[in-house]
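The values are calculated or read from the model by the stated rules, or taken from the named source; none is laboratory data. Since the model is a prediction, treat every value here as computed from it, not as a measurement. Backbone-built Cβ (ideal geometry, glycine too); neighbour counts: all protein chains shown. All accessible areas refer to the heavy atoms of the entire protein, side chains included, with ligands and DNA or RNA removed. Shrake-Rupley method; radii C 1.70, N 1.55, O 1.52, S 1.80 Å.
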Amino acid sequence: MIITVEEVVKRPLITEKAERNREASRSFAFEVHRDATKIQVKQAVEKLFNVHVLAVRTAIARGKNKRVGKNAGQRPNWKKAFVTLRDGETIALFEGTSA
């Protein structure tokens, strides 16, 4: 399956844990396409935000089991990526301003 650069990064993850990582180690969190590789994530972030990526870490988040009455189901699994940037660089999207 071929994934375009625009399809790789779905949305930024803005959570308390992601904010602590951003402040401590210049690591930004994104929800990414399930089939995206680390190389594709790096290329997409560099192209979309005009920054230099040093490292990419990925993790599969398992979908939670949910029930509605007696019907049981599961939310879909999804992938998140933690992207570390070069010193002095930042992504304006996370700073509360639009790029």
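Key figures
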read-out	value
Tally of residues being among the aromatic types (Phe, Trp, Tyr) and open to solvent by 100 Å² or more (accessible area, probe 1.4 Å) across segment 77-90	0
Set 19, 31, 23: member being among the acidic types (Asp, Glu), out of contact with any helix residue (DSSP H, G or I) (no Cβ under 6 Å at 6 or more places or on another chain) and modelled with pLDDT of 95 or more	31
Considering residues of segment 46-59 that are open to solvent by less than 50 Å² (accessible area, probe 1.4 Å) and closer than 15 Å to residue 89 by Cα only, the residue farthest from the chain's Cα centre (by Cα)	51
Residues of segment 46-72 satisfying the condition of being out of contact with any strand residue (DSSP E or B) (no Cβ under 8 Å at 6 or more places or on another chain) and assigned to a strand (DSSP E or B)	68, 71
Selection count where residues are outside any helix (DSSP H, G or I), of a type in the set (A, V, I, L, M, F, W, C) and exposed (fewer than 12 other Cβ atoms within 10 Å of the Cβ), scope segment 1-45	2
Conditions (1) over 18 Å from residue 87 (Cα atoms); (2) open to solvent by less than 100 Å² (accessible area, probe 1.4 Å); number of the one not met by residue 74	(2)
